[in-house]
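Chemist: Dropping a structure here in structure tokens format, bear with me for questions.
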Amino acid sequence: VESPLRECGVLRRHPWPLSRQLLQLKAFLDGLGITADFGSAGGVYRTIKKVWLKFGYFVSQAVEVLLMKPMKPAEYFTYGTGKSPHHYALHFPLYTHFTSPIRRYADVMVHRLLTATLAVEAGLATLSDTKKTKTEEGNEANEAAKAASIPALAGGDKKGAAYTVKFSTSLAPGVDPVAAGLDFDQNELQKQCDLCNEKKLQSKKAQEDCDRAFFCIWLRGLDVPCTSLATVMLIQDKSVVCYVPQLGKEKRLCYDTSTEASMQASNIYEKFKNVPVFPKKYKLINKHRVEAEWELPELALGARPPSPPPAAAAAADGGEETTEQKEFTQIIKMFSKIPVYILPTSTVPIDFVLVPVPPYQHTYKELLKNDKERMAELHKQMRAETEAEEAMAGAELTDLGGFEGADAHLVDDVDDEQVDEHQYRLVVDREATERIVRHELGAPRKAKSVIVERPDEDWD
């Protein structure tokens, strides 16, 4: 954007998320006791990490999915259109890429612009301005450029510029700039960017369709139904919307034995048609809680171990058992974990559905037990990493405890020649501002540093 071809520059932008939905999500997280920061990608990361530490992996994954909903798709554009060039996800004022020209046409466009820019700046080519048209002053691009401290468009009111790059005849004899793709029309480049955006969305949809199709083919080939844990993201009248971290997908899970649930069951692949079992009743308590009443079969009653007591076992599994021990009430709350079957359908196009695992089945308790052990280990690792990060971030330049007998003082612009071999330097990484790096002196240089005299005895 600092070159003569700035108006034709092909960049990639990521607009800010939809503010209304972000505010709703922020209010929701505030209710959970989480202070959300969506001002930058770093703030989003820290917010999700807070959720992870407080509620665990499954809830943090669900919040991450909720956070994706207000996000707008990233897009290619030309700098001369006047759109803000800021990239929200990467938190960059300007961004482009050109590393995969074999699969992204936008990268080819950037390669051509770089070729032309470098050649013109090196005096190997000339740039002829073939078209310039006026538009209103004070356009959005210049406002965005000013806010990001980047160059504004030439003249402040140009749009639709067109240039032709001509190399010197001695360097490229007989090269036609048009045939070589070195004629740049900002309006035409923008049309190409729009087409790239459209094709990228289409390819993403095709990839998702292929992933689902091959996954369902794999499901059909299994001898036993696939199981997993799902996180409740939304509670509805007759169903809940769940996110399955193992798949990275969200799906509706029908509990009510209504027409929709019956239709869903009828579409299940023939091999697994006998798997679905639905609760006897499904009662919506409020938008944060539902209760599913299961009728326990005689087999489950006869196989029940004498201990722990039924009430304790029910509480451990997120439910309560009636005194007659013939019914089980499963309590489902927002962000609770539900064991589910993932079953392929016989429909065209091929798809899969989520079916609840009955709480009285051994699979139900086994999934929760295995997850509890795995999550405990993950949580332990996350805690250790967080404590290490906080320890590094909390280190202060003035905190020189432990250096008994050392004479520490702040020195400005110290040459290495002034420090002998028995001294060490503490250097602050001012770019990251998260850690203090201590190292032996290397090549001579100047820096604002803390010089610490080495004590008589060795110290680590």
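Chemist: Are there any pairs with C-beta distances below 6 angstrom linking a residue in the stretch 188-203 that is touching a residue at least 24 places away in the same chain (Cβ under 8 Å) and under 12 Å from ARG104 (Cα atoms) to a residue that is assigned to a helix (DSSP H, G or I) and open to solvent by less than 70 Å² (accessible area, probe 1.4 Å), with the two at least 6 apart or on different chains, and if so which?
Modeler: That search, which allows pairs on different chains as well, returns CYS196/ALA106.
Chemist: Let me ask you something else. Kindly evaluate LYS271 against the criterion of being among the basic types (Lys, Arg) and either surrounded by 18 or more Cβ atoms within 10 Å (Cβ to Cβ) or under 26 Å from GLU327 (Cβ atoms) (or both).
Modeler: Here the answer is no, as LYS271 does not meet what is asked.
Chemist: Here's something else I'd like to know. Within the set of pairs 6 or more residues apart or between chains, which connect a residue that is within 23 Å of TYR364 (Cα to Cα) and of a type in the set (D, E, K, R) inside the stretch 207-227 to a residue that is open to solvent by less than 80 Å² (accessible area, probe 1.4 Å) and part of a helix (DSSP H, G or I) with Cβ atoms less than 9 Å apart?
Modeler: Correct list of pairs: ARG220/PHE272.
Chemist: Take ILE350 and tell me if it is of a type in the set (A, V, I, L, M), modelled with pLDDT of 80 or more and assigned to a loop (DSSP other than H, G, I, E, B).
Modeler: So ILE350 passes the test.
Chemist: In the stretch 275-290, how many are over 13 Å from CYS254 (Cβ atoms) and open to solvent by 40 Å² or more (accessible area, probe 1.4 Å)?
Modeler: Number satisfying all stated conditions: 9.
Chemist: Here's something else I'd like to know. For the stretch 209-245, which positions are more than 26 Å from GLU291 (Cβ to Cβ) and open to solvent by 80 Å² or more (accessible area, probe 1.4 Å)?
Modeler: Selection gives ASP211, PHE214, ILE217, TRP218, ASP223, VAL224.
Chemist: So, in the stretch 1-46, how many residues would count as being modelled with pLDDT of 85 or more, closer than 18 Å to GLU75 by Cβ and small (Gly, Ala, Ser)?
Modeler: Within the stretch 1-46, residues that are modelled with pLDDT of 85 or more, closer than 18 Å to GLU75 by Cβ and small (Gly, Ala, Ser) number 1.
Chemist: Output the qualifying pairs, or none if there are none: Cβ atoms under 6 angstrom, residues six or more apart or on different chains, first residue in the stretch 258-282 and charged (D, E, K, R) and modelled with pLDDT under 90, second residue open to solvent by 30 Å² or more (accessible area, probe 1.4 Å) and not in a helix (DSSP H, G or I).
Modeler: LYS280/GLU293; LYS280/GLU295; LYS281/GLU293
Chemist: Somewhere in the stretch 191-205, is a residue closer than 30 Å to PRO356 by Cβ, open to solvent by 50 Å² or more (accessible area, probe 1.4 Å), not basic (Lys, Arg) and not in a loop (DSSP other than H, G, I, E, B)?
Modeler: Among the residues of the stretch 191-205, not one is closer than 30 Å to PRO356 by Cβ, open to solvent by 50 Å² or more (accessible area, probe 1.4 Å), not basic (Lys, Arg) and not in a loop (DSSP other than H, G, I, E, B), which makes the answer no.
The values are calculated or read from the model by the stated rules, or taken from the named source; none is laboratory data. Note that the coordinates shown come from a computational prediction; the quantities given were computed from them, not determined experimentally. Cβ coordinates were reconstructed from backbone atoms using ideal geometry, including for glycine residues, and neighbour counts include every protein chain displayed. In case anyone asks, the SASA skips ligands and DNA or RNA and just uses the protein heavy atoms, side chains included. Shrake-Rupley method; radii C 1.70, N 1.55, O 1.52, S 1.80 Å.
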